[in-house]
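Structure, as structure tokens:
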Amino acid sequence: MASLHFSRRSAGRSPLRSRLGGTRAFAFGAAAALVLAAGTAAVTAAAVTTATPPRVSTAGFPSGGSNPGIFTDTCSPASRAPNDPIMMPGMTGMSMQHDFFGNRAVTASSTAASLRGGQTTCTTTADASAYWTPVVYQNGRALTPSRTLLYWRSPAAIASSTVSMPAGISLIAGNETATAPQSTSVVDWTCTVTRSDPRPHRAALPHDCPAGSQLRLVITFPNCWDGHTFDGRDRSGAVYATDAGCPSSHPIHIPQLVLHVSYSTSSGSGITLSTGPSTQGPPVTGHADFVSGWNQQRMDADTAACVTAQVRCGPVRGADAIPMGGKVQAKRR
């Protein structure tokens, strides 16, 4: 769409700069001592934080084995509004409609610094981040998400070199301007797991789910960072790892965030996604946004104990994001 009022793409070319960029000095001072050599970012796990993260006990938890090391978090819906703090900062009411999860006080002007320490709908109060997705409609009626399950993980092949999610970072996954189905490695539609269907079908478009199951949108974020770009607006700061690992342009392995958003319908028919404050379009434009509002010490601790150590830590709970223990599962995304 050409109109600034409706289009994230147009907003992305706006001369307005994301206020998230203003947090870069804070993020460097608070959480990172990044080593730059010959203009190329290089970092080790020891250099990501200036303090040793609190100790997390994972005694008795299963090893990832061929599965990723992982911890999880669950956030219920927090708000719905036509705001987008990354792509259209400060432009209240001018973006597509979004469902927000996590931080309860997200506005069009929210930044990582303003989110941190705020009230949250997540299962750990250490996570006051903002997560958002386009509103999903069925036959013109907006569906209310039942919950969002968050994975923080790393493939086994690069787990040992994975460092904590940087403080102050924002990321975007998926393409809100797509005109054809996206790769299911980034955006896929599936169903919630049931005892009768433990490995539900995944597809690029919405489809019917068995009785007792709900339609689910899954968005997978990039996990290779360039070491210096904190503002996710132009998406240049993070890319996806390949079987060979992270490219030299984005050498830093960060945890891969995966959002699983469930909706209270078992039917895949009549599904559309928001494209503006009051418009909808085909379900090929799935995407998700993230601005970190984590308590950085807790993120550092859980990443080190679960993701980097390749341990299946399961859900984290409480103010200290204590892992509850995971299960050994068949390998799947």
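Of note:
- Chymotrypsin sites (Phe, Trp or Tyr not before Pro) restricted to DSSP loop in region 253-333 with at most 14 other C-beta within 10 Å: none
- Along region 86-92 the Karplus relation, 6.51 cos²θ - 1.76 cosθ + 1.60 evaluated at θ = phi - 60°, assigns HN-Hα couplings of 8, 7, 9, x, x, 9, 4 Hz to successive residues, with x for each Gly and Pro.
- Additional length obtainable on full extension of the chain from Ser146 to Thr194, 0.36 nm per residue less Cα span: 15.7 nm
- Toward the positive end of the charge dipole of region 152-221, with +1 on the Cβ of Lys and Arg and -1 on the Cβ of Asp and Glu, the farthest Cα among Ser183, Ala157, Leu205 is that of Ala157.
- Applying a DSSP loop filter and a limit of 12 other Cβ atoms within 10 Å to the trypsin sites (Lys or Arg not before Pro) in region 123-213 leaves Arg195.
- Over every Cα atom in region 67-109, the radius of gyration and the widest Cα-Cα span, Dmax, amount to 13.2, 42 Å.
- The label-point distance for Asp243 and Ser109, in a model that sets each label 7 Å from Cα toward Cβ, rounds to 5.0 nm.
- Projected onto its three principal axes, the C-alpha set of region 176-333 covers 43, 38, 33 Å, listed from the longest axis down.
- Radius, Kirkwood style, for region 124-167 when every pair of distinct Cα atoms is counted (Å): 14.2 Å
- Applying 0.36 nm per residue to the separation of Ser63 and His201 and subtracting their alpha-carbon distance, the gain on full extension is 47.0 nm.
- Computed from the C-beta positions of Thr92 and Ala319, the FRET efficiency with R₀ = 35 Å rounds to 0.65.
- Alpha carbon centroid spacing (whole Å) that separates region 151-196 from region 88-122: 20 Å
- FRET efficiency for Ser160 and Gln119, using Cβ-Cβ distance with R0 set to 30 Å, rounded to 0.05: 0.25
- Take 220-229, 303-312 and order them by the average number of nearby Cβ atoms within 10 Å per residue, most first; the result is 303-312, 220-229.
- Solvent-accessible area of region 147-225 (1.4 angstrom probe, protein heavy atoms only): carbon and sulfur portion equals 53 percent.
The values are calculated or read from the model by the stated rules, or taken from the named source; none is laboratory data. Note that this is a predicted model, so its numbers are computed, not measured. Please note: Cβ atoms are built from the backbone with ideal geometry, for glycine as well, and neighbour counts cover all protein chains shown. Only protein heavy atoms, including side chains, enter the accessible area calculation; ligands, DNA and RNA are left aside. Shrake-Rupley method; radii C 1.70, N 1.55, O 1.52, S 1.80 Å.
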